[in-house]
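Take a look at the structure below.
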Amino acid sequence: EEDVTGSVSSSGNVPQVSAVRSEPAVAPNVSEIPFETVLTQQQLDSLVAAARSRWDASGLSQAQREALGRLSFQVADLPGTYLGEAVGETIRIDNNAGGNAWFIDATPMEDSEFEGAKMAGVSDRVDLLTTLMHEMGHSIGLCDTYSTSDQGSLMFGFLSKGERRVPQQGQAKDAEPHAHTAPHFLAAPIDIGTLPPGKSVVI
């Protein structure tokens, strides 16, 4: 599952969706996407092929490639701050990034927008490509991690606004593809602001 509140976190198993193999449509420029825009199926499909290619470039087995090919992807209204969910061979992506907004990259095979001074519309949005690749990771046999030492890993369970993570070379080596019967989620961190002295909050 994926939740978004400035960052995304994964907890549990996310439903896995099969990626469509057709050529992706050209994603709109981020400057043309209103903050409140609800994700469409066409926008989601436009990044599926790129997400699969990024994983493939990291070094996958034939079984893992076949697992990615069986996935289907759907836009859904997920609860709370969940960004994405992978269950079985279906991946569901929240329609508004857990109450935030999606960054839909028009150039998904390069990451210059996330380097140095980020372009307008990146730092205040959740990266859809990272979310897709995270959920795909479950379908090829990888689990979520919540260790602070893994915060730079694609499979870290939380995703923040303005953050892109990609598969590392050999990251899925020896992982065995399997269908998750329980959903996996990626979520965004919850921002509770600054607490006054003596104040506590239960989440």
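Rule-based calculations on the coordinates, nothing more; no lab input. It should be emphasised that the depicted structure is a prediction, and the values quoted were computed from it without experimental measurement.
Observations
- Interchain or long-range residues, amide H under 5 Å from ARG125's placed H: GLY162
- Full-extension gain in nm, CYS143 to ALA57, via 0.36 nm per residue minus C-alpha separation: 29.0 nm
- Shape call, region 40-120: gyration tensor on alpha carbons, a/c limit 1.5: oblate
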